[in-house]
Ligand SMILES: [Zn+2]
């Protein structure tokens, strides 16, 4: 699962960077977001979302939700039908919460 976390953190970093944050700012936000149990995570997410456009906001929300699912042990399970999401799909879209058939 560490590999999945790393992929999600990288995706978060990319979204933050594409939203115009500097590399250092994006890193620090990504690090905060990944410590979601400490109260700082929520603030970091809100601050970051405030700086991003709608499309990047949506992506960041999905990535953060996926990180929470990872923490909760639900990662990789489709939120609609409960089936396991296949690994190739997770490789491609680490933040996805639905299996291929539910996404269509
Ligand atoms: Zn499904």
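Read the figures in this text as sums done on the coordinates, not as results from a lab. Only a predicted model underlies this, so the values are computations on that prediction, with no experimental measurement involved. Counting neighbours? That spans all protein chains shown, and the Cβs are built from the backbone with ideal geometry, glycine included.
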Practice item. With the convex hull built on the Cα atoms of the chain, state its orientation-averaged projected area in nm². Key: 6.4 nm²
Exercise for review: Can you tell me the 0 to 90 degree angle between the C-alpha axis of helix 23-33 and the longest principal axis of the chain, rounded to 10?
Suggested key: 60 degrees
Practice item. Determine the gain in length on full extension of the stretch residue 77-residue 46; use 0.36 nm per residue of separation and subtract their C-alpha separation, reporting nm with one decimal. Key: 8.5 nm
Practice item. Return one number: the angle in degrees, 0 to 90 and rounded to the nearest 10, between the long axis of the Cα atoms of helix 2-18 and the longest principal axis of the Cα atoms of the chain. Key: 50 degrees
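Report the calculated FRET efficiency for residue 100 and residue 57 (r = Cβ-Cβ distance, R0 = 25 Å), to the nearest 0.05.
Values: r = 25 Å, r/R0 = 1.00.
Result of the calculation: an efficiency of 0.50.
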Review point. Hey, in the GNM for the chain with a 10 angstrom Cα cutoff, which one of 80, 62, 27 fluctuates hardest?
Key: 80
Study note, to complete from the structure: Most exposed first, judged by fewest Cβ atoms within 10 angstrom, 102, 81 run 81, 102
**Study point:** Listed peptides 49-55, 19-25 by packing density, highest first (mean Cβ within 10 Å)
**Key:** 19-25, 49-55
